[in-house]
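The values are calculated or read from the model by the stated rules, or taken from the named source; none is laboratory data. This structure is a prediction, so every number in the text was calculated from the model and none was measured. Note: ideal-geometry Cβ built from the backbone for every residue, glycine included; neighbour counts use all protein chains shown. To get the accessible areas, we keep the full protein, side chains included, count just its heavy atoms, and leave off ligands, DNA and RNA. Shrake-Rupley method; radii C 1.70, N 1.55, O 1.52, S 1.80 Å.
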Amino acid sequence: SSGGYPIMQKRELVPGYKICPVIKGGWQLSSGHSLNQKIEDQRAIDDTTAFIEAGITTLDFGDIYTGVEELIGKSIAKLRETHGDSARDLVQLHTKYVPNEKFLDNFDRSDVETIVNRSLARLGVDQVDLVQFHWWKYEAKSYLAAMEELFKLKDAGKIRHIGVTNFDVERLSEMVDAGLKPASIQVQYSMIDTRAEDEMAQYCVENGIGILCYGTVAGGFFSERFLGVAEPTSFDTRSNVKYLLVIKEFGGWDLFQELLRVLNVIAKTHNTDIGTIASAYIVNRPGVAAVIVGARNLSHLESNLKIPTIKFSETELAAIANVLSRSKGPEGPVYYLERYNDEHRNIMHTNNN
């Protein structure tokens, strides 16, 4: 049961496979901040199972998020206590495969199976629903070889579907042309970063590839907390630094404030908050299958469930379009700045595997 919550209508990612339009992201779980790690882990497991019971059953995480696959595994084990063997069928498990940047030039194909087997072991399942492949540098040419290995594991039944993350249209079309078409592509996509909007969205719609979006709330900047305040100069997280750079590319703090003011009015009309409106806008864009929300705990559950239900009026869409039409960027293909621009790149961790 969804405990009195609205039922979340699933969307078909590819024929025969449905996911939630709102996916629960897992990287926030990746570092225990308390000295008593055990209490923190139990809380994460309880919160994760509560999201699943409420209807947000698609979970996104990664092989390089320390400790997260194990936590998801424990959450499934907890669900087995109440749901028996059907517990596995309640959830859609989306992990990643991110080979270490240092090994890309001499890529060893066997690494793919090693890491996927490790994910399965940590999760305690014999098949994962989606493995999303990320590759740090295009100059190393073995990304198609890695995709071939993933497809072998799909044939072997270890992976249900294969996705990619942060590739551009040029590389995506190389994969499709090689007969290695992914089910999905995960990219940063928000009102202040619409790089996925042009060529990428059109290509994905034409080829039946679902876009999964992260960063729709810009690391928390889409929030009442930042409405009417001066541009921050100190930061809690790497995420804050990263998205402030995106705001700068978008056109700066003043233009962002203008956007927040518009969203605040819309949020009040819909009896919700700015973050929910920012995600709802993206979940309705062409080619988008789902948005990934990094809810750390249950306080966000109700607003997350509301995201797909919001219907914007023409007036609201026009007010948003008016601000967005004045944005400056970011420009270029998806993830290009993060790959090749030092200021953006230096925030990333590229060798966790």
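Results, tabulated for the structure shown:
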read-out: Residue that is surrounded by the fewest Cβ atoms within 10 Å (Cβ to Cβ), among those in segment 212-237 that are under 18 Å from the mean Cα position of the chain (by Cα) and hydroxyl-bearing (Ser, Thr, Tyr); value: Thr237
read-out: Selection within segment 87-107 - open to solvent by 30 Å² or more (accessible area, probe 1.4 Å) and among the aliphatic types (A, V, I, L, M); value: Leu90
read-out: Unmet criterion (only one of (1) out of contact with any helix residue (DSSP H, G or I) (no Cβ under 6 Å at 6 or more places or on another chain); (2) surrounded by 15 or more Cβ atoms within 10 Å (Cβ to Cβ)) for Ile159; value: (1)
read-out: Qualifying residue in segment 74-86 (condition: over 14 Å from Asp46 (Cα atoms) and open to solvent by less than 10 Å² (accessible area, probe 1.4 Å)); value: no
read-out: Segment 118-133: number of residues that are under 22 Å from the mean Cα position of the chain (by Cα), open to solvent by 10 Å² or more (accessible area, probe 1.4 Å) and not hydrophobic (A, V, I, L, M, F, W, C); value: 3
read-out: The lone exception for Gly332 - which of (1) over 30 Å from Glu12 (Cα atoms); (2) surrounded by fewer than 19 Cβ atoms within 10 Å (Cβ to Cβ) it fails; value: (1)
read-out: Failed criterion for Glu338 (all others in (1) farther than 27 Å from Val112 by Cα; (2) modelled with pLDDT of 85 or more; (3) in a helix (DSSP H, G or I) hold); value: (1)
read-out: Pair list, Cβ < 8 Å and 6+ apart or interchain, from segment 114-127 residues that are under 17 Å from Asp85 (Cα atoms) to residues that are open to solvent by 60 Å² or more (accessible area, probe 1.4 Å) and of a type in the set (D, E, K, R); value: Leu120/Asp126; Gln127/Arg160
read-out: Neighbours by Cβ (under 8 Å, 6+ apart or cross-chain): first from segment 227-247, closer than 17 Å to Gly275 by Cα and part of a helix (DSSP H, G or I); second modelled with pLDDT of 90 or more and open to solvent by 80 Å² or more (accessible area, probe 1.4 Å); value: Leu244/Glu231
read-out: Residue among Glu149, Glu170 that alone is in contact (Cβ under 8 Å) with a residue 24 or more places away in the chain, within 12 Å of Tyr97 (Cα to Cα) and either more than 23 Å from the chain's Cα centre (by Cα) or open to solvent by 10 Å² or more (accessible area, probe 1.4 Å) (or both); value: Glu149
read-out: Residue count, segment 284-320 (criterion: more than 17 Å from Ala267 (Cα to Cα), over 18 Å from the mean Cα position of the chain (by Cα) and polar (S, T, N, Q)); value: 1
read-out: Subset of segment 286-311 [open to solvent by 10 Å² or more (accessible area, probe 1.4 Å), outside any helix (DSSP H, G or I) and in contact with a helix residue (DSSP H, G or I) (Cβ under 7 Å, 6 or more places away or on another chain)]; value: Pro286, Gly287, Val288, Val293, Gly294, Arg296, Asn297
read-out: The listed residue being among the β-branched types (Val, Ile, Thr), in contact (Cβ under 8 Å) with a residue 24 or more places away in the chain and in contact with a Cys (Cβ under 6 Å, 6 or more places away or on another chain), out of Ile211, Ile185, Ile159; value: Ile211
read-out: Among (1) closer than 27 Å to Ala278 by Cβ; (2) touching a residue at least 24 places away in the same chain (Cβ under 8 Å) - the single one Ala178 does not satisfy; value: (1)
